[in-house]
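First up is the structure itself, then whatever we jot down about it.
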Amino acid sequence: MYDPIKIISLAMEMELYGHNFYKDNAEKSQNLQTQAVFKKLSKIEWGHYEYLKNLLSKYKGEDVDEKDLTLPKDNGEEFFDQRKESENLDQNLEQSMIPDMNVLRMAYLIEEDFRDYYKSMAKKVDDGELKEILENFSSWEDEHANIFKKEYDKLMDQYMNISWGG
């Protein structure tokens with residue numbers, strides 16, 4: 001079986017990478033809606049990172065406040081649904097379609113990779129509590145991947161149906 005400290009340490013690095021990826025791309029995007037989506041996801045990934053940091057401390061035998069070990073609520077799906085209703089992400093996407101399509105595709109692939117990592121590690125640990133945590137993270141990353149895939153597919157469809165030349 002795999003060492004929980006190594007599993008959690010790598011997961012922390014992955015979440016930090018995701019946080020930085022979304023933060024950087026929020027700053028680069030020309031589209032305000034895409035910026036908002038990436039800013040929110042950056043915060044979600046940072047929350048995952050902070051939780052994992054506390055979990056790592058626990059597995060290292062360090063004192064950790066129990067409130068810091070409460071599994072975070074991942075509200076990514078809820079956020080995206082509200083965002084679509086309130087600001088309609090489908091509007092004004094043509095202004096930066098190709099860069100945003102590339103970033104959305106990368107985000108989808110990153111989230112898929114994270115999902116697969118958590119799912120795989122959940123199968124390789126004996127610790128029931130850690131297994132459940134990893135399964136939760138896998139489920140959340142799967143939701144994120146599905147969100148990005150749907151957005152990418154919509155944007156691709158819009159892009160392919162643009163009437164060029166007016």
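The values are calculated or read from the model by the stated rules, or taken from the named source; none is laboratory data. Because the structure is predicted, anything quoted here is derived from the model rather than measured. Neighbour counts run over all protein chains shown; Cβ positions are idealised from the backbone, glycine included. Side chains are part of the model used for accessible areas, which takes the heavy atoms of the whole protein and leaves out ligands, DNA and RNA. Shrake-Rupley method; radii C 1.70, N 1.55, O 1.52, S 1.80 Å.
Select, from 118, 159, the only residue that is at negative phi, in contact (Cβ under 8 Å) with a residue 40 or more places away in the chain, open to solvent by less than 70 Å² (accessible area, probe 1.4 Å) and within 19 Å of the chain's Cα centre (by Cα).
Unique residue meeting the criteria: 118.
Give the residue, chosen from 148, 137, that is of a type in the set (A, V, I, L, M, F, W, C), at pLDDT 90 or above and surrounded by 18 or more Cβ atoms within 10 Å (Cβ to Cβ).
Of 148, 137, the one residue that is of a type in the set (A, V, I, L, M, F, W, C), at pLDDT 90 or above and surrounded by 18 or more Cβ atoms within 10 Å (Cβ to Cβ) is 137.
Every residue in segment 49-77 that is modelled with pLDDT of 90 or more, over 16 Å from residue 3 (Cα atoms) and not in a loop (DSSP other than H, G, I, E, B), please.
49, 50, 51, 54
Of all residues in segment 9-38, which are over 12 Å from the mean Cα position of the chain (by Cα), surrounded by fewer than 22 Cβ atoms within 10 Å (Cβ to Cβ) and not charged (D, E, K, R)?
Across segment 9-38, the qualifying residues are 9, 10, 12, 26, 29, 30, 31, 32, 33, 35, 36.
Could you list, in sequence order, the residues of segment 13-48 that are polar (S, T, N, Q) and modelled with pLDDT of 90 or more?
Residues satisfying the conditions are 20, 25, 42.
Given the structure, is residue 84 more than 17 Å from residue 141 (Cα to Cα) and modelled with pLDDT of 90 or more?
No: the conditions fail for residue 84.
With the requirement that a residue be part of a helix (DSSP H, G or I) and touching an Asp or Glu at 6+ places or on another chain (Cβ under 8 Å), what does segment 17-34 give you?
18, 19, 22, 33, 34
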